[in-house]
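Below is one structure; the comments refer to it alone.
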Amino acid sequence: MEKKQIINFGPGPAKLPQSVLLRAQQELVDYNELGISVLEMSHRSSDFNKIMTKTETLLRDLLNIPDNYKVMFLQGGGSGQFSGVPLNLIGLKEDRCADYIVTGTWSSRAAKEAEKYGKVNVIHPKLDSYTKIPDPSSWTLNPSASYVYYCCNETVHGVEYNFLPDAHGAVLVSDMSSNFLSRPVDVSKYGLIYAGAQKNVGCAGVTVVIVREDLLGHALNECPIILDYKVQAGNNSLYNTPPCFSIYIMSLVLEWIKNNGGTAAMETLNKQKSSLIYDIINSSAGFYSCPVDDACRSRMNVPFRVGGPDGDETLEAQFLDGASKRGMISLKGHRSVGGMRASLYNAVTVEDTQALANYMKEFLKEHQ
Ligand code: PLP
């Protein structure tokens, strides 16, 4: 029997380009004819050094990272940086305070973690639900804040910034875990950007941190040494054993992005893919609904309900069942939100998305 084609719409760890998986498979046992796997390679060897250098060079090239920024490949995931950011940056100014713009689960968690290390001014703590980015003119930023923090794409709620927040002269910090390299970014506008790799740039285990050099060296005394940016940057992310294999996979994904036109090409495709789904939602006369404001609908994670704004339990179960029969997996929304969520990261193709769009149309016709 022919094997069913699977399309993975998971929020992360997520789909990887097929060519990357095949190359990793080919090289797994014997990397570059060295007779060993990357999994077995010393992180201090010249061969691994080449992989690190290649990964960093590709990333610098893809994002046009200015020379006065350091790039680190760290462990601890996105959540590790919820602690790493305040531990390194909240002491930049004497008051030890930071502004956190909360627009979803992940910025909320980051703000909570930062409260352990200083004063946190939470902007929008009382949104009824995370479906919008309130007008920046309503933000009351603290002039003595060490930094202004935001999450560029809230993976659970599907809320994405399509503008650069004005930090009013303070250091701007962004969690780009779920939209990293999905579009061009002007790194020079930021003090720090970080991203876990397991959505758009590889597999779990490595987190990229891009930080402006002048922000190094301000870590609090209690900062664990493996999270100290000055130590890690000073050791080229080799203070301790880095996530070697995850970095190698990232190098393959970055190469794939480069060979496919870079971040500008990714952006064009991501706009096209997300429009395919939002257009069906918008033209379904309420059968499908997305609660997120038009202005900040994510291109990466599209949450939607089936059978009305609160969702119809039976229809949603049927929708998932039908999707699964067609090989479309991981469409169930986050447990805190319910409904569906289609994650359309870089590796998800227009054809994959078209298959989902076709199924949504079919389901609509059958059940409306
Ligand atoms: N930030 C964002 C935007 C995320 O989507 C996630 C996880 O999905 C995290 C942070 C936490 O990442 P990790 O699970 O690697 O700690």
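The values are calculated or read from the model by the stated rules, or taken from the named source; none is laboratory data. Bear in mind the structure is a predicted one, so any value in this text is a computation, not a measurement. With ideal geometry, Cβ positions are generated from the backbone for all residues, glycine too; neighbour counts draw on all protein chains shown. Only protein heavy atoms, including side chains, enter the accessible area calculation; ligands, DNA and RNA are left aside. Shrake-Rupley method; radii C 1.70, N 1.55, O 1.52, S 1.80 Å.
At 0.36 nm per residue, and after removing the present C-alpha to C-alpha distance, how many nm does the segment from Arg60 to Ile226 gain when stretched out fully?
Numbers: separation 166, 0.36 × 166 = 59.76 nm, distance 2.29 nm.
Contour length minus the Cα-Cα distance gives 57.5 nm.
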Original post:
In whole percent, how big is the carbon plus sulfur part of the accessible area of the stretch 58-192, probe 1.4 Å, protein atoms only?
Top reply: 46
Original post:
What residue among Cys223, Cys290, Cys97 has the largest mean-square fluctuation in a Gaussian network model of the chain, using Cα springs under 10 Å?
Top reply: Cys223
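Before I look further, what does the chain give for accessible area per residue, probe 1.4 Å, in whole square angstrom?
Working: 16290 Å² over 368 residues.
For the chain, the solvent-accessible area averages 44 Å² per residue.
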Original post:
Which ³J(HN,Hα) values in Hz, rounded to whole numbers, follow from the phi angles of the stretch 231-240 under the Karplus curve 6.51 cos²θ - 1.76 cosθ + 1.60, where θ = phi - 60° and Gly and Pro get x?
Top reply: 5, 5, 5, x, 10, 6, 6, 10, 4, 10
**OP:** Quickly work out the His367-to-Asp47 label distance, labels modelled 7 Å from Cα along the C-beta direction, and quote it in nm with one decimal.
**Re:** 5.2
Original post:
Considering the chain as a Gaussian network with a 10 Å cut-off on Cα pairs, which listed residue, Ser108, Ser246, Ser283, attains the greatest mean-square fluctuation?
Top reply: Ser283
Subject >> Distance in nm between pseudo-label sites at Asp321 and Asp293 (7 Å out along the Cβ direction from Cα) >> reply: 3.9
**OP:** Please list, or write none, the lysines whose alpha carbon is within less than 16 Å of the alpha carbon of Lys3, excluding same-chain residues fewer than 8 places away.
**Re:** Lys325
Original post:
Out of the stretch 100-190, which chymotrypsin sites (Phe, Trp or Tyr not before Pro) are coil in DSSP terms and have no more than 11 other C-beta atoms within 10 Å?
Top reply: Phe163
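With a Förster radius of 30 Å, plug the Cβ-Cβ distance of Asp279 and Ser129 into 1/(1 + (r/R0)^6) and report the FRET value to the nearest 0.05. Let's see the in-between values first.
Values: r = 24 Å, r/R0 = 0.79.
Efficiency computed from Cβ-Cβ geometry: 0.80.
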**OP:** Calculate the dipole size of the chain relative to its Cα centre from +1 charges on Lys and Arg beta carbons and -1 charges on Asp and Glu beta carbons; express the result in debye to the nearest 20.
**Re:** 220
Original post:
Looking at the stretch 180-231, which trypsin sites (Lys or Arg not before Pro) are in a loop (DSSP not H, G, I, E or B) and have at most 14 other Cβ atoms within 10 Å?
Top reply: none
Subject >> the chain: most fluctuating residue of Lys325, Lys273, Lys70 per GNM, C-alpha cutoff 10 Å >> reply: Lys325
Original post:
Where does the chain land at 222 nm, in deg cm²/dmol rounded to the nearest 500, when only DSSP H runs of n ≥ 4 count, each adding -39500 (n - 2.57), divided by all residues?
Top reply: -11000 deg cm²/dmol
**OP:** Determine, from the Cβ-Cβ distance of Asn259 and Ile6 and an R0 of 22 Å, the FRET efficiency 1/(1 + (r/R0)^6), rounded to the nearest 0.05.
**Re:** 0.40
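Glu33 to Gln75: FRET efficiency via 1/(1 + (r/R0)^6), r the Cβ-Cβ distance, R0 30 Å, to the nearest 0.05?
Values: r = 29 Å, r/R0 = 0.97.
Computed FRET efficiency for Glu33 and Gln75 comes out at 0.55.
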**OP:** Pairs of Cα atoms under 8 Å, at least six residues apart: use those to get the relative contact order of the chain, whole percent.
**Re:** 23
**OP:** Calculate the length of the line joining the C-alpha centroid of the stretch 111-161 to that of the stretch 1-23, in whole Å.
**Re:** 34
Subject >> Using θ = phi - 60° and Karplus 6.51 cos²θ - 1.76 cosθ + 1.60, couplings along the stretch 202-219 (whole Hz; Gly, Pro as x) >> reply: x, 10, 5, x, 10, 10, 8, 10, 10, 9, 6, 4, 5, 8, 7, x, 10, 5
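State the percent of C-alpha pairs, over all pairs in the chain, separated by a distance greater than 27 angstrom. Could you put the intermediate results ahead of the total?
Numbers: 33185 of 67528 pairs.
Roughly 49 percent, rounded to a whole number.
I need the helices of the chain that pass two filters: whole DSSP H segments spanning 20 Å or more by Cα along the axis, and mean Kyte-Doolittle score no lower than 0.0. All intermediate terms of the calculation are to be shown ahead of the outcome.
Details: long enough: 46-63 (25 Å, -0.27); 244-259 (23 Å, 1.11); 262-282 (30 Å, -0.16); 350-367 (25 Å, -0.77).
For the chain, where a helix must reach 20 Å along its axis and average at least 0.0, the hits are 244-259.
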**OP:** Just grab the label-to-label distance for Glu40 and Lys112, each label 7 Å out from Cα along the Cβ direction, in nm (one decimal).
**Re:** 4.4
**OP:** Could you name the lysines whose alpha carbon sits less than 25 Å from that of Lys126, not counting residues in the same chain fewer than 8 places away?
**Re:** Lys112, Lys116
Subject >> Residues in the stretch 82-100 that a label on Ser144 would reach, taking backbone N under 14 Å of a point 7 Å out along Cα→Cβ >> reply: 91-99
**OP:** Mind checking which aspartates and glutamates have their Cα closer than 17 Å to the Cα of Lys365? Skip sequence neighbours fewer than 8 apart in that chain.
**Re:** Asp279, Asp312, Glu316, Asp321
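Of the chain, which part is the longest with no GluC sites (Glu not before Pro) in a loop (DSSP not H, G, I, E, B) and with at most 16 other C-beta atoms within 10 angstrom? Mind showing how you got there, number by number?
Numbers: sites that count: Glu2, Glu94, Glu115, Glu222.
My reading of the result: 223-368 is the longest stretch.
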